[in-house]
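The values are calculated or read from the model by the stated rules, or taken from the named source; none is laboratory data. Here the structure is a predicted model, which is why all the values come from computation and not from measurement. Cβ coordinates were reconstructed from backbone atoms using ideal geometry, including for glycine residues, and neighbour counts include every protein chain displayed. Each accessible area value is taken on the protein alone, full model and side chains, heavy atoms only, with ligands, DNA and RNA left out. Shrake-Rupley method; radii C 1.70, N 1.55, O 1.52, S 1.80 Å.
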Amino acid sequence: DNLGNLLSPQREFARLIPDRLPFAPPNLIDLSEYFNAAFKQTWHPGVEHNNLGMLSPGLLQMDGTVFDVRGIVQLDSKRLHATGERYPQQISGIKIGQTCRQLQFLHATGYRSLDGVQVGAYVIHYTNGHQETVPIVYGEDVRDWNEGSDPSKVLPRGRIVWRATNDAHYVIRLFKTTWLNPFPAVQVSSIDYLSTMSDAAPFLLAITAEN
């Protein structure tokens, strides 16, 4: 019975994630097995309905990039951990399996850190064993998704690509970071996504590989 109690929130969350569209091209990376929160959930503790419920799932074009947008890959942070919510500090082995000229990340953070603080990273693994680390820096790539807690729009590397008001009456936003691949001829096998456990908790919605 205890096992049933543990599984039911997981089943509930999984029910809220739409299936990937069968015609979604492979360069829109399939994050289905890594999602750990849903748009309609208030996945950060606090104000009810402070969520992404008004973001339509599916293949969405944002700032010229098409993303497969269906769920949230949330990582832990010092602030998020202190609330009692438990998210992983790292998710390893996100399957890519293709060459690309650049990667587009659709992401943000819950809570804020000081500008210039590295809040996470994407570690790019190539089939030849080489790896590249793409730092996620607060105030350069991303900011708090709740604009009220950090009104700044300054982002040297990232761009605000989506903005709306949710049912909690908060102005929320998502960011895109473009990473140019220094080895476009070598296949990228996988990506590790990790948090540095700063105050800001990184979360990822989509990755698109472009040639």
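Taking the condition of being part of a loop (DSSP other than H, G, I, E, B) and crowded, with 23+ Cβ neighbours inside 10 Å, how many residues in the stretch 62-76 meet it?
Matching residues across the stretch 62-76 total 3.
Are there any pairs with C-beta distances below 6 angstrom linking a residue in the stretch 180-193 that is of a type in the set (D, E, K, R) to a residue that is open to solvent by less than 60 Å² (accessible area, probe 1.4 Å), with the two at least 6 apart or on different chains, and if so which?
Listed pairs, sorted by first residue: 192/123.
Can you spot a residue in the stretch 102-114 that is closer than 25 Å to residue 83 by Cα and either among the charged types (D, E, K, R) or touching a His at 6+ places or on another chain (Cβ under 6 Å) (or both)?
Yes, the stretch 102-114 has at least one match.
Of the residues that make up the stretch 88-108, is at least one touching a helix residue (DSSP H, G or I) at 6+ places or on another chain (Cβ under 8 Å) and not acidic (Asp, Glu)?
Within the stretch 88-108 (the criterion being touching a helix residue (DSSP H, G or I) at 6+ places or on another chain (Cβ under 8 Å) and not acidic (Asp, Glu)), the answer is no, since none of the residues qualifies.
For residue 15, are the conditions met, namely being of a type outside the set (A, V, I, L, M, F, W, C), at pLDDT 95 or above and over 27 Å from residue 133 (Cβ atoms)?
When the stated conditions are applied, residue 15 does not pass them.
Tell me the residue from 2, 27 that is surrounded by fewer than 19 Cβ atoms within 10 Å (Cβ to Cβ), modelled with pLDDT under 95 and not aliphatic (A, V, I, L, M), please.
Answer to the selection: 2.
Output the strands (runs of 3 or more DSSP E) that fall wholly within the stretch 77-143 and possess 3 or more residues being open to solvent by 50 Å² or more (accessible area, probe 1.4 Å) and in contact (Cβ under 8 Å) with a residue 60 or more places away in the chain, or say none.
Correct list: 90-98.
Determine whether residue 48 is surrounded by fewer than 19 Cβ atoms within 10 Å (Cβ to Cβ), within 16 Å of the chain's Cα centre (by Cα) and of a type in the set (D, E, K, R).
Here the answer is no, as residue 48 does not meet what is asked.
Among (1) in a strand (DSSP E or B); (2) under 30 Å from residue 49 (Cβ atoms), there is one condition residue 191 misses while meeting the rest; what is its number?
Here residue 191 clears every test but (2).
Taking the stretch 18-59, which residues are farther than 21 Å from residue 188 by Cβ and charged (D, E, K, R)?
Those that are farther than 21 Å from residue 188 by Cβ and charged (D, E, K, R): 19, 40, 48.
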